[in-house]
Structure formats: structure tokens, C-alpha cells
């Protein structure tokens with residue numbers, strides 16, 4: 001008998017729906033997972049939802065278990081937490097994280113799931129993919145003891161980076177965002193806060209995650225001579241102009257990209273993708289990271305939730321999706 005599940009599909013830019021999908025029979029090296037929570041990666045997923053993935057990046061931006069192609073119809077997403085219903089005895093009944101789209105049940109290879117530690121609530125574990133991005137960014141940034149570091153952009157990724165950097169001994173971390181309400185988030189994560197106009201200057205390192213041209217330009221302004229900006233933002237199909245003709249050369253500044261698709265060169269010889277994800281899940285034992293989850297909706301509401309997130313009508317850092325037993 002064919003088993004089915006329900007999945008969210010982006011039918012065309014700006015329009016999505018929940019549809020029935022057939023599930024393959026699990027093989028001996030597969031698991032059947034019943035989803036408990038997923039989360040919307042607000043930056044990337046809203047770009048996908050709006051159809052703003054450049055054609056040149058269609059292959060690069062494919063999610064691990066994506067169905068369909070950009071701009072649509074496409075099933076996209078990569079923050080899913082569920083319970084293994086069928087599979088190896090060692091995994092059956094375990095809570096796992098998987099880079100899977102928004103779907104009520106799914107079948108994947110055993111190697112595609114990572115067990116969630118008992119110290120991490122399943123509802124918080126949806127942050128694993130984002131914290132993994134932050135881990136990679138910190139490896140790329142390589143802060144030193146006593147560094148003065150600023151994170152520009154208080155979104156989901158920027159706040160995760162600030163949370164990790166705040167754990168470094170002697171490192172001074174300031175989160176910068178245009179929304180003064182992010183001050184409470186920064187405090188919960190152990191970081192300072194400022195709006196762009198009041199941000200501290202003379203910084204050794206700036207991590208930029210606002211995905212705005214103005215934010216990147218301000219990041220360069222905050223550096224000390226020979227300082228470095230690590231760029232985490234992805235701009236989709238938007239061109240970005242920078243003031244590289246002013247003091248960029250005379251102050252010998254550095255602008256570097258960081259991207260989670262590959263393990264940072266600083267750790268690639270000694271860490272795998274699986275190692276990096278396992279580390280991210282261990283770090284999620286910190287309850288302070290709950291402050292990044294700022295909203296929750298039922299799976300059935302996703303066709304209305306994603307347009308609201310994309311349009312900014314529903315402000316969020318991480319918006320969690322809840323799956324009921326009946327889904």
C-alpha cells in the first residue's frame with residue numbers, strides 16, 4: 001500500500017500550497033521520520049518564495065532534499081525535527097534533525113539524520129541548521145582572545161553568530177541592528193547592542209549578516225585599520241554597491257565571504273559536515289537560544305505564513321512550524 005504525506009510546495013513565486021505526496025518504502029538503510037517541527041529560514045526561504053534566486057545560482061542553492069526546480073514548482077526547506085518511526089533499532093523512537101523541506105513525514109537515508117541530544121528540546125532543535133551556519137562563520141572569522149567584534153544584522157543568522165562569539169573569553173561583542181527591539185535579544189545572548197548610528201568603531205572584526213547594501217558599507221566603516229569584514233549575507237539577484245574608493249585601500253581593509261555549503265577551510269581537514277552539525281546541536285543545549293524563536297504557526301497555515309514573512313507583515317527571527325498528530 002502506498003503511503004502518503006503532506007508537503008508545502010511553492011507553486012510559483014509568491015504562491016504556495018500544501019499537497020499530498022507519495023512516500024517511498026523505506027529500504028534497509030533508510031528511516032521514516034514523522035515531523036514534529038520545522039522552521040522557516042527567513043532570509044533564504046523568502047528569497048526563494050519571491051522567485052529571486054538568480055539562474056546562475058540554481059544548482060548552488062538547491063537544498064539537500066529539494067524537489068522541483070527554481071523558480072517553481074519547488075519543495076524547499078532545510079530545518080526539520082522529527083521522530084524516527086521506522087528504521088534501525090538504535091534510531092527508532094529517537095528525535096532527529098534533518099535538512100528536509102516542510103513535510104509531515106519523509107523517508108531519507110540513515111546518514112541524513114542526526115540524533116538530537118537529550119539536553120536539547122525538540123522545539124529548539126529546529127535552530128540546528130542556523131547555528132551550524134554560525135559555527136562555520138566563526139571558524140571562518142577566527143576571532144582571537146580579546147578581539148573587539150561586531151555583528152551587523154540581528155536576524156536569525158546574525159544573532160546565532162553573536163551568541164557563539166559571546167562565549168569567547170575576553171571577546172567584546174556588539175550586535176548592531178536598525179530595530180531597537182533587538183536590544184533585548186542581544187542582552188539575552190550575552191552581547192551588547194547598538195543601532196547603526198551608535199555602533200562602536202575601531203573593531204578588529206565585523207561579521208555582516210543584514211543582507212543590505214547599507215549594512216555592508218557600515219560594516220566597513222566600523223573596522224580599525226587592517227580589520228576584516230566576514231560577509232554572511234546572500235543577496236539573491238540584487239546588485240550591491242560599496243564605497244571601495246574612499247578609505248578601503250588606505251586602511252588596508254579585508255572583505256571575506258563565508259558560506260555554509262562547504263566546511264570552513266580552517267577546519268576542512270579535521271571536520272566533516274556531520275561533525276559540524278553535531279557540534280551545532282550540542283551548542284543548542286543553551287536555553288538562551290530560545291530567544292531566537294519569535295513565532296510559531298501550524299503546518300496547515302504555511303500558505304499564509306510564508307507570504308506574510310516575505311512581505312514583512314509577520315516580523316520574525318526564526319518562525320517555527322508545528323505539526324500535529326493529525327497532519
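The values are calculated or read from the model by the stated rules, or taken from the named source; none is laboratory data. Treat the numbers as computed from the prediction; the structure is a model and nothing was measured. All Cβ positions, glycine included, derive from the backbone under ideal geometry; neighbour counts span all protein chains shown.
For the stretch 73-90, check the following and say yes or no: at least one residue is in contact with a strand residue (DSSP E or B) (Cβ under 9 Å, 6 or more places away or on another chain), modelled with pLDDT of 95 or more and in a helix (DSSP H, G or I). No, because not a single residue in the stretch 73-90 is in contact with a strand residue (DSSP E or B) (Cβ under 9 Å, 6 or more places away or on another chain), modelled with pLDDT of 95 or more and in a helix (DSSP H, G or I). Would you confirm, using the coordinates I've provided, whether residue 245 is more than 23 Å from residue 45 (Cβ to Cβ), without any contact (Cβ under 8 Å) to a residue 24 or more places away in the chain and surrounded by 14 or more Cβ atoms within 10 Å (Cβ to Cβ)? For residue 245, the condition - more than 23 Å from residue 45 (Cβ to Cβ), without any contact (Cβ under 8 Å) to a residue 24 or more places away in the chain and surrounded by 14 or more Cβ atoms within 10 Å (Cβ to Cβ) - is not met. Please give the number of the condition residue 291 fails out of (1) more than 16 Å from residue 45 (Cα to Cα); (2) surrounded by 17 or more Cβ atoms within 10 Å (Cβ to Cβ); (3) in contact with a strand residue (DSSP E or B) (Cβ under 8 Å, 6 or more places away or on another chain). Only one criterion is unmet by residue 291, namely (3).
Hey, can you tell me all the residues within the stretch 91-105 that are in a strand (DSSP E or B) and within 21 Å of the chain's Cα centre (by Cα)? Please lay out each step first, then the result.
Going through the stretch 91-105, the residues in a strand (DSSP E or B) turn out to be 95-98, 103, 105.
Listed by number, the residues that qualify are 95, 96, 97, 98, 103.
Among the residues in the stretch 107-116, are any in a loop (DSSP other than H, G, I, E, B), crowded, with 19+ Cβ neighbours inside 10 Å and touching a helix residue (DSSP H, G or I) at 6+ places or on another chain (Cβ under 6 Å)? Yes: one or more hits. The condition of being farther than 28 Å from residue 153 by Cα, modelled with pLDDT of 95 or more and crowded, with 20+ Cβ neighbours inside 10 Å holds for only one of 10, 32, that being 32.
Please work out if residue 123 is part of a loop (DSSP other than H, G, I, E, B) and on the phi > 0 side of the Ramachandran plot. Write out each step before concluding.
Details: part of a loop (DSSP other than H, G, I, E, B): yes; on the phi > 0 side of the Ramachandran plot: no.
The answer is no for residue 123.
Of everything in the stretch 16-29 that is touching a residue at least 24 places away in the same chain (Cβ under 8 Å) and surrounded by fewer than 14 Cβ atoms within 10 Å (Cβ to Cβ), the residue that is farthest from residue 70 (Cα to Cα) is 29.
Scanning the stretch 275-286 for any residue that is touching a strand residue (DSSP E or B) at 6+ places or on another chain (Cβ under 9 Å), surrounded by fewer than 16 Cβ atoms within 10 Å (Cβ to Cβ) and within 25 Å of residue 161 (Cα to Cα) turns up nothing.
Just one of the listed residues (297, 264) is more than 19 Å from residue 79 (Cα to Cα), crowded, with 17+ Cβ neighbours inside 10 Å, in contact (Cβ under 8 Å) with a residue 12 or more places away in the chain and not assigned by TED's automatic domain parsing to the domain that holds residue 223, namely 264.
Taking the residues in the stretch 300-327 that are assigned to a loop (DSSP other than H, G, I, E, B), under 19 Å from the mean Cα position of the chain (by Cα) and surrounded by fewer than 17 Cβ atoms within 10 Å (Cβ to Cβ) as candidates, determine which candidate is modelled with the highest pLDDT.
Out of the qualifying residues, it is 312.
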